[in-house]
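The values are calculated or read from the model by the stated rules, or taken from the named source; none is laboratory data. Values in this document were obtained by computation on a predicted structure and should not be read as measured data. Neighbour counts run over all protein chains shown; Cβ positions are idealised from the backbone, glycine included.
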């Protein structure tokens with residue numbers, strides 16, 4: 001937890017002033033019962049109206065000062081809590097961005113979203129309440145016990161016993177609810193994950209008329225969350241009536257014992273009234289302590305979840321990679337390359353061996369789950385190989401570190417990723433050099449995207465919605481293609497990046513790439529054998545294993561799986577034409 005305390009360093013003043021003003025508020029409140037006792041014991045019997053007005057004025061002044069210091073305390077506490085959470089959330093997001101892909105998969109994307117939003121907000125709430133109450137409540141409770149002892153030592157024992165019982169109840173309930181709150185956060189992760197899945201797959205859900213099924217699945221998950229929330233709520237709510245019960249029983253004992261002491265002239269009536277007021281003050285503060293304990297319990301659990309992200313190992317993109325020497329024309333080398341996901345029982349990619357020369361085209365094809373996307377992630381440096389060897393070469397040298405590796409590769413993902421902003425901002429994503437408008441338009445022309453960008457109002461400054469929702473699937477793919485071409489990397493990886501394009505547009509695109517980017521080594525992942533016919537080598541994958549490697553014509557003769565894919569696609573094309 002010490003790692004999280006560092007975010008207070010810039011807000012020490014606010015974190016100090018908030019509790020300090022709350023302390024002043026508590027002291028003002030402790031004086032009120034003494035003034036009331038003076039009114040009852042001295043002023044009313046003497047019928048001195050001047051003293052009565054004087055004390056009432058002081059009570060009014062104390063009330064105004066109490067309001068003023070309370071507002072000031074609220075301001076400083078809230079400022080410290082909000083600014084603390086702002087810095088924490090910024091660093092947490094930056095940490096998530098630096099996590100390796102395997103670690104993000106282990107933590108879960110939905111869990112990371114919850115930790116960045118709900119957990120950080122819970123920490124903010126806990127800090128705000130802590131700064132406002134951690135001095136006020138103890139000072140009120142201790143001060144009341146001291147005042148009770150000053151007024152009558154015998155009666156003060158009632159206060160001590162009551163406070164001891166109530167603190168035992170508060171911390172007992174806290175120990176019971178702590179595991180339940182942890183379960184609630186995990187259940188919330190599952191709800192977020194389910195929500196993300198349903199929203200991202202909304203078109204598929206509607207296309208297959210599964211809206212009611214998905215709604216039922218969400219309702220069931222939400223019902224489980226509700227049951228856990230109700231269980232925790234019962235325990236938390238149980239604390240308030242218990243507190244009232246203990247305090248009211250203490251009040252009965254106080255009135256009974258106070259009446260005896262008053263009748264024996266060992267306690268004045270005003271002192272008894274003051275003691276009753278002090279008892280009610282303790283009731284209020286203990287209810288606040290119960291609420292503070294519940295919130296701190298949840299905040300502590302949230303802090304542990306956030307801390308787990310900070311303690312996760314980062315991806316060292318500057319660490320030196322083993323240097324591999326190769327011929328000047330060598331571009332890609334895979335030597336018995338094997339990769340297995342951390343939680344998988346079998347490798348996603350197993351014993352893949354091939355080599356490619358600079359400027360050549362490597363085609364990759366295979367059925368669903370054959371390992372194509374895994375190979376793309378390995379080639380782009382997003383994941384590290386489990387066994388064997390994988391290497392890229394540029395002018396005979398391999399990359400020094402992951403930063404260089406990723407600078408060498410330009411990837412067009414299977415699912416086009418656009419960000420809210422403008423066309424220009426999306427094209428310039430990740431650019432470290434100055435790029436002119438002419439270069440932007442040239443990249444768009446090569447990606448067959450210049451026509452519809454011209455047609456958009458604003459051209460390069462045309463607005464792009466989140467995820468590129470205001471563009472069609474084919475337009476999104478061509479914009480991401482232009483972004484990759486603009487990077488001018490020696491390796492261009494297309495992960496089924498033309499699936500939304502018609503054959504004519506795809507043919508124009510490949511023709512432009514092969515003519516204008518002859519020095520670029522192209523990795524082309526596609527489900528269309530017709531698209532892969534231009535490749536110098538085609539890798540055929542099946543269930544993560546290499547089952548074929550060669551040119552299009554060679555594979556038609558000696559690779560049954562490739563031939564079956566090709567024949568099935570030709571039959572579909574003939575059927576479509578008929």
Some residue of the range 511-521 being more than 33 Å from the chain's Cα centre (by Cα), under 20 Å from residue 373 (Cα atoms) and assigned by TED's automatic domain parsing to the domain that holds residue 356: yes
Count of the range 344-390 residues which are farther than 21 Å from residue 404 by Cβ and without any contact (Cβ under 8 Å) to a residue 40 or more places away in the chain: 3
Among (1) under 26 Å from residue 225 (Cβ atoms); (2) in contact with a helix residue (DSSP H, G or I) (Cβ under 7 Å, 6 or more places away or on another chain); (3) at pLDDT below 80 - the single one residue 201 does not satisfy: (2)
Any hit, the range 100-115, residues being over 13 Å from the mean Cα position of the chain (by Cα), modelled with pLDDT of 85 or more and surrounded by 18 or more Cβ atoms within 10 Å (Cβ to Cβ): yes
Any hit, the range 129-137, residues being at pLDDT 85 or above, under 30 Å from residue 191 (Cβ atoms) and under 16 Å from the mean Cα position of the chain (by Cα): no
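Of 418, 382, which residue is surrounded by fewer than 21 Cβ atoms within 10 Å (Cβ to Cβ) and either within 28 Å of the chain's Cα centre (by Cα) or not in a loop (DSSP other than H, G, I, E, B) (or both)? Quick ask: steps written out before the conclusion?
Values: 418 fails: surrounded by fewer than 21 Cβ atoms within 10 Å (Cβ to Cβ).
Of the residues listed, the single one that is surrounded by fewer than 21 Cβ atoms within 10 Å (Cβ to Cβ) and either within 28 Å of the chain's Cα centre (by Cα) or not in a loop (DSSP other than H, G, I, E, B) (or both) is 382.
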Lone unmet requirement of (1) exposed (fewer than 15 other Cβ atoms within 10 Å of the Cβ); (2) outside the structural domain of residue 412 (by TED's automatic domain parsing); (3) over 36 Å from the mean Cα position of the chain (by Cα) for residue 324: (1)
Given (1) under 30 Å from residue 351 (Cβ atoms); (2) over 34 Å from the mean Cα position of the chain (by Cα); (3) crowded, with 20+ Cβ neighbours inside 10 Å, number of the condition residue 412 does not satisfy: (2)
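Is the range 145-153 home to any residue that is free of Cβ contacts under 8 Å to residues at least 40 places away in the same chain, over 43 Å from the mean Cα position of the chain (by Cα), under 14 Å from residue 281 (Cα atoms) and surrounded by fewer than 20 Cβ atoms within 10 Å (Cβ to Cβ)? Walk me through how you get there before you give the answer.
From the range 145-153, those free of Cβ contacts under 8 Å to residues at least 40 places away in the same chain are 145-146, 149-150, 153; that's our starting set.
Subsequent filtering for residues that are over 43 Å from the mean Cα position of the chain (by Cα) retains 145-146, 149-150, 153.
Pick out the ones that are also under 14 Å from residue 281 (Cα atoms) and you get 145-146.
Checking which are surrounded by fewer than 20 Cβ atoms within 10 Å (Cβ to Cβ) leaves us with 145-146.
The answer is yes; a qualifying residue exists.
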